[in-house]
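This report refers to the structure that appears directly beneath it.
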Amino acid sequence: MVVTHNLGFPRIGAKRELKFALESYWKGQSSISELKIQGTALRKTHWNVQSGLDWSPVGDFSFYDQVLDMSLTLGNLPLRARDYHGDPLDNYFRVARGRSAQGTEDHAGCCSGIAAGEMTKWFDTNYHYIVPEFTADTEFKLDATRLLAQLAEAKAQGVHAKPVIIGPVTYLRIGKTKDDSSRLNLLPRLLPVYSELLDTLAAQGVEWVQIDEPALVTELDADWQNAYNLAYHHLKSIRIKLLLATYFGTLQENLYLACNLPVAGLHLDVINARNEIQPLLNLVSSHKIVSLGVINGRNIWKTDLNATLDWLEPLAERLGERLWIAPSCSLLHVPVDLNSEQKLDTEIKSWLAFAVQKLDELRVLATALNQGRAAVANELKANQGALASRRASPRVSNPAVKQALARITPELGQRQNAYPVRAEKQAAFLKLPLYPTTTIGSFPQTAEIRQARSQFKAGEINNTDYQSAMQAEIARCVREQETLGLDVLVHGEAERNDMVEYFGEQLDGYAFSHFGWVQSYGSRCVKPPILFGDIRRPQAMTVEWIKYAQSLTDKPIKGMLTGPVTMLNWSFVRDDQPRSVSCYQLALAIREEVLDLEQAGVRIIQIDEAALREGLPLRRAQWQSYLDWAVESFRIAANGVTDETQIHTHMCYSEFNDIIAAIADMDADVITIETSRSDMELLDVFDHFKYPNQIGPGVYDIHTPNIPTEQHMVELMKKAALRIPAERLWVNPDCGLKTRQWAEVIPALTHMVAAAKTLRAAAV
């Protein structure tokens, strides 16, 4: 009999219950006991959803981030977060976001919080994790409290539990040292703690542990490959079965290594590595479990169940009980339940599967394999009907869009003149001071903004009243920025629900869910649009809002757009054509908006590409192909303007040093990036690479409520000025301010403007 299991389930709840519980606690509106009760209720619900699987994950639930959970389990919280009294969960939140709940920060010296842990993307996803911190002196000490508590809950509920942990080599690989020491030198100290953890779980009667090692799908040098052998030979004596899980990519040169590690089972993501099934079977020992990720855990389209069975049935006959099937990766990356969607277009809804439905698909496959296809004939027929409907739908293909793609030429991506010529013209036109100040685009989305949007969508207020409400918020935002003394203003994006969804709603080829939320980090959730067809812009999307804002001030207002690559990477994209084709379609649509903004008199236009790095393939050999079409798409979107129009772009919370040449090739006049959490570490690349254009290294970490001081910002900018000439530096936050409160934003930006003035005075 084929065995079914799941690698992880979304933890936010179908209605974002975890988000609201966290934010209530952080605001001091509820107790830590109430927060924990909500966590217990969500885990119970999620295990119920997964009932019927042979193995369900335990430990995949997190109050913030699974990597930070692992750091807590290993006793590896930064020194700055230790020795606080109170609940350990408060220390956990301090590392995650700089502080915990209001009313808990009564420890001496912590009234303004601590430095939050650095945050970056989990491999090639839009999920952010808290980067583990190491030094040469790092010691590890087991704290299995969280995992044991969840295991006890699962047992009480009758769950056939499979604890989930991050493997030791991946844990070291995704962390950073705060000195010049080697992460691999810590492996001998780390492995005994893993052994102790596994022994502890074995003592609780645990049979299987899922140990996630996604680093195996990346390129590893000999030292890191050897680390895998050292680690798993150290752990092989533990009286517990290990299912080593890889996902997000192909094993390639690591396939032999993975197959020969002394573990009881190996999970392969066959959505990405279908061609590695046969080589794996040729290498893996005859007693080892083979787990295949047959359902896409990263996208929301229905699985072609019959086509999957066509190649899966021979494997089931060959492997028997040695075959386990599962989603390709944790379902953390998809929304919870399609049944919550009562307003989604009926036809498009029939093409989709969220987390709950993906588990249903898994059960159908298992039943077909164990009992024959006739046992699920109705389900297979319905599945085939939905797939046929999607293939035949006239809504998917637009001949006019295909014709526009055929007319793309290299000239579309070229500015009139090189940057030095443009910079001189822009300086003469804009007349900005040294160290010009700006923000990244959004300002706080207040309760009043959200209420007006909700009322408008519900039909409780008309379009005129909604427009008036948004204009009032825009006017407030402009006034506040003028009072602060910022040099380049933004309209604040009051009318925008999300930087991708807002644009997608105005483009043909997109559909939208109501409850399709996915966790980005902590309590931050996004609702990715569904890119189902060819993309076309029917009309201008932002021009009137920007024109209104500009009418209120003599200072320049930036036009704010989301770039084509980010629109692509932060959407659930169609799987029936190359991603590059969809990206070029988006580029042409954004280009039309850029040209309309310029025609309306907007002379600074920011085209955010926050997700450029995120879309980079995990294998370097595939990087150039992606970067070629990604950079070209940005240039097509941006470069139709005159020399006098200044193009900005923004990128955040990713590692850019290894693709800096491609970023320079984007040829944006100004780029703003995240650098404050990494203490300007991202600028190290400029010691060797002479970035040609202007850059704004973020000095205000907006993902924490902490308010940076003027001196802190000055020091960060001084570090930047060691690498970038002062005349090419901007002063700005790390990212948009929509998630912050005005009470935090005003003092932080006051300090930022003061820092710029201090820097200018020092430069005289």
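The values are calculated or read from the model by the stated rules, or taken from the named source; none is laboratory data. Treat the numbers as computed from the prediction; the structure is a model and nothing was measured. We place every Cβ from the backbone using ideal geometry, glycine too, and count neighbours over all the protein chains shown. Heads up: the accessible areas ignore ligands, DNA and RNA and are worked out on the full protein's heavy atoms, side chains in. Shrake-Rupley method; radii C 1.70, N 1.55, O 1.52, S 1.80 Å.
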- Query: In segment 547-558, is there at least one residue being modelled with pLDDT of 95 or more, open to solvent by 30 Å² or more (accessible area, probe 1.4 Å) and among the aromatic types (Phe, Trp, Tyr)?
  - Reply: yes
- Note on the structure: Those residues of segment 294-352 which are part of a helix (DSSP H, G or I) and of a type in the set (Lys, Arg) amount to 318, 322, 349
- Item | Filter result for the condition that a residue is open to solvent by 10 Å² or more (accessible area, probe 1.4 Å), touching a helix residue (DSSP H, G or I) at 6+ places or on another chain (Cβ under 7 Å), assigned to a helix (DSSP H, G or I) and modelled with pLDDT of 95 or more, over 72, 68, 89 | 72
- more than 27 Å from the chain's Cα centre (by Cα) and over 25 Å from residue 598 (Cβ atoms), is that true of residue 483? yes
- Message: Checking residue 181 against (1) open to solvent by less than 10 Å² (accessible area, probe 1.4 Å); (2) not in a helix (DSSP H, G or I): exactly one of these is not met. Which one?
- Response: (1)
- Message: I'd like the full set of residues that are closer than 16 Å to residue 700 by Cα, surrounded by fewer than 18 Cβ atoms within 10 Å (Cβ to Cβ) and in contact (Cβ under 8 Å) with a residue 24 or more places away in the chain, limited to segment 720-743.
- Response: 739, 741, 742
- Message: Any residue at all in segment 154-161 that's at pLDDT 95 or above, small (Gly, Ala, Ser), part of a helix (DSSP H, G or I) and surrounded by 15 or more Cβ atoms within 10 Å (Cβ to Cβ)?
- Response: yes
- Note on the structure: Given the conditions (1) open to solvent by less than 30 Å² (accessible area, probe 1.4 Å); (2) in contact with a helix residue (DSSP H, G or I) (Cβ under 7 Å, 6 or more places away or on another chain); (3) β-branched (Val, Ile, Thr), every one holds for residue 526 apart from (2)
- Sole miss for residue 659 among (1) outside any strand (DSSP E or B); (2) without any contact (Cβ under 8 Å) to a residue 40 or more places away in the chain; (3) open to solvent by less than 10 Å² (accessible area, probe 1.4 Å) is condition (2)
- Task: Within segment 380-403, work out how many residues are in contact with an Asp or Glu (Cβ under 9 Å, 6 or more places away or on another chain) and exposed (fewer than 12 other Cβ atoms within 10 Å of the Cβ).
- Result: 3
- Checking 423, 375, 427, 406 in turn, the sole residue that is surrounded by 13 or more Cβ atoms within 10 Å (Cβ to Cβ) and without any contact (Cβ under 8 Å) to a residue 24 or more places away in the chain turns out to be 375
- Message: If a residue must be under 30 Å from residue 509 (Cβ atoms) and either of a type outside the set (A, V, I, L, M, F, W, C) or over 30 Å from the mean Cα position of the chain (by Cα) (or both), how many such residues does segment 339-363 contain?
- Response: 14
- Message: I'd like the residue in segment 547-577 that is charged (D, E, K, R) and touching a strand residue (DSSP E or B) at 6+ places or on another chain (Cβ under 7 Å) and, out of all such residues, is farthest from residue 493 (Cα to Cα).
- Response: 575
- Query: Counting just the residues of segment 627-651 that are touching a residue at least 40 places away in the same chain (Cβ under 8 Å) and open to solvent by 10 Å² or more (accessible area, probe 1.4 Å), which one comes out nearest to residue 735 (Cα to Cα)?
  - Reply: 635
- Item | Candidates 38, 29 - the one that is touching a residue at least 12 places away in the same chain (Cβ under 8 Å) and either of a type in the set (S, T, N, Q) or open to solvent by 30 Å² or more (accessible area, probe 1.4 Å) (or both) | 38
- Message: Here is a list: 478, 396, 401. Which entry is under 20 Å from residue 743 (Cα atoms), within 33 Å of the chain's Cα centre (by Cα) and at pLDDT 95 or above?
- Response: 478
- Note on the structure: In the set 546, 535, the lone residue that is more than 27 Å from residue 477 (Cβ to Cβ), among the aliphatic types (A, V, I, L, M) and not in a loop (DSSP other than H, G, I, E, B) is 535
- Listed residues 482, 495; which is assigned to a loop (DSSP other than H, G, I, E, B) and closer than 28 Å to residue 753 by Cβ? 495
- Message: Can you confirm whether residue 234 is under 26 Å from residue 328 (Cα atoms), open to solvent by 10 Å² or more (accessible area, probe 1.4 Å) and in contact (Cβ under 8 Å) with a residue 12 or more places away in the chain?
- Response: no
- Restricting segment 244-299 to residues that are within 21 Å of residue 622 (Cβ to Cβ) and among the polar types (S, T, N, Q), the one surrounded by the most Cβ atoms within 10 Å (Cβ to Cβ) turns out to be 246
